[in-house]
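Asks: Take this structure, written in structure tokens, and hold onto it; I'll ask about it next.
The values are calculated or read from the model by the stated rules, or taken from the named source; none is laboratory data. Only a predicted model underlies this, so the values are computations on that prediction, with no experimental measurement involved. Note that we place each Cβ from the backbone using ideal geometry, even for glycine, and neighbour counts take in every protein chain shown. Side chains are part of the model used for accessible areas, which takes the heavy atoms of the whole protein and leaves out ligands, DNA and RNA. Shrake-Rupley method; radii C 1.70, N 1.55, O 1.52, S 1.80 Å.
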Amino acid sequence: MPKHLHVAAAVVRNDQGEILIARRPATVDQGGLWEFPGGKLAPYETGKQALGRELNEEVGISIEKASPLIRVHHSYPDRAVLLDVWQVDAFSGEAYGREGQAVRWVKEKDLSQYTFPEANKPILKALKLPD
């Protein structure tokens, strides 16, 4: 039976409307692919709490304004993931790869030039929908 992971992820937009993406380290599952920053929920956390913690740990920013965007259930051969995805419209701090990972601000129209894990594809579609 595959293990289940509950993950919080963020679509972070800067003042220019660009979206923050991060490259997964080569040493982890799906390494080298780009993703929306975030991480696994601790057993005691809500999605938004985990997102705040993970964004601070991974990219050095603090959430000021966020709202739910989409929830994605995806099954890989070895695991099932539930992505709790948030739209972050206001944050403080300057985003950088605190864990040595590459991070990039990308125009929404240019996201298709990057390779994302399968579970992220519904997020890319959701970004194209009207508010």
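Asks: Has segment 21-36 got any residue that is in contact with a helix residue (DSSP H, G or I) (Cβ under 8 Å, 6 or more places away or on another chain), farther than 18 Å from Thr115 by Cβ and of a type in the set (D, E, K, R)?
Replies: No, segment 21-36 contains no residue that is in contact with a helix residue (DSSP H, G or I) (Cβ under 8 Å, 6 or more places away or on another chain), farther than 18 Å from Thr115 by Cβ and of a type in the set (D, E, K, R).
Asks: OK, next. Has segment 116-127 got at least one residue that is open to solvent by 50 Å² or more (accessible area, probe 1.4 Å) and polar (S, T, N, Q)?
Replies: Scanning segment 116-127 turns up no residue that is open to solvent by 50 Å² or more (accessible area, probe 1.4 Å) and polar (S, T, N, Q).
Asks: Which one is nearest to the chain's Cα centre (by Cα), of the residues in segment 1-27 that are open to solvent by 60 Å² or more (accessible area, probe 1.4 Å) and at pLDDT below 90?
Replies: Keep residues of segment 1-27 that are open to solvent by 60 Å² or more (accessible area, probe 1.4 Å), which gives 1, 3-4, 6, 15-16, 23, 25-27.
With at pLDDT below 90 added as a condition, the list becomes 1, 3-4, 25-27.
Working: Met1: 26, Lys3: 20, His4: 17, Pro25: 14, Ala26: 17, Thr27: 18 Å.
Once the filter is applied, the top-ranked residue is Pro25.
Asks: Counting residues that are β-branched (Val, Ile, Thr), which strands (runs of 3 or more DSSP E) fully inside segment 1-117 reach at least 2?
Replies: By residue number, 3-12, 19-23, 62-75, 79-92, 103-106.
Asks: Sticking with this structure for a sec: Where residues in segment 55-81 are open to solvent by less than 30 Å² (accessible area, probe 1.4 Å) and in contact (Cβ under 8 Å) with a residue 60 or more places away in the chain, which of them is nearest to Leu129 (Cα to Cα)?
Replies: To start, the set of residues in segment 55-81 that are open to solvent by less than 30 Å² (accessible area, probe 1.4 Å) comprises 55, 58-61, 66, 72, 80-81.
Applying the additional criterion that residues be in contact (Cβ under 8 Å) with a residue 60 or more places away in the chain yields 80-81.
On the way: Ala80: 25, Val81: 23 Å.
Among those that are open to solvent by less than 30 Å² (accessible area, probe 1.4 Å) and in contact (Cβ under 8 Å) with a residue 60 or more places away in the chain, it is Val81.
Asks: Tell me which of these Val106 doesn't satisfy, since it passes every other one: (1) farther than 24 Å from Asp15 by Cα; (2) surrounded by 13 or more Cβ atoms within 10 Å (Cβ to Cβ).
Replies: Exception for Val106: condition (1).
Asks: Can I ask one more? Within segment 94-103, is even one residue among the charged types (D, E, K, R) and under 13 Å from Ile21 (Cβ atoms)?
Replies: Filtering segment 94-103 for residues among the charged types (D, E, K, R) gives 94, 98-99.
Still in the list and also under 13 Å from Ile21 (Cβ atoms): none.
Among the residues of segment 94-103, not one is among the charged types (D, E, K, R) and under 13 Å from Ile21 (Cβ atoms), which makes the answer no.
Asks: Also: Would you mind finding the one in Ala26, Ala42, Ala95 that is touching a strand residue (DSSP E or B) at 6+ places or on another chain (Cβ under 8 Å) and either farther than 15 Å from Leu127 by Cβ or of a type outside the set (Lys, Arg) (or both)?
Replies: Matching residue, one of Ala26, Ala42, Ala95: Ala95.
Asks: When you scan segment 33-46, how many residues do you find that are over 16 Å from Arg98 (Cα atoms) and free of Cβ contacts under 8 Å to residues at least 40 places away in the same chain?
Replies: Residues in segment 33-46 being over 16 Å from Arg98 (Cα atoms) and free of Cβ contacts under 8 Å to residues at least 40 places away in the same chain: 6 in total.
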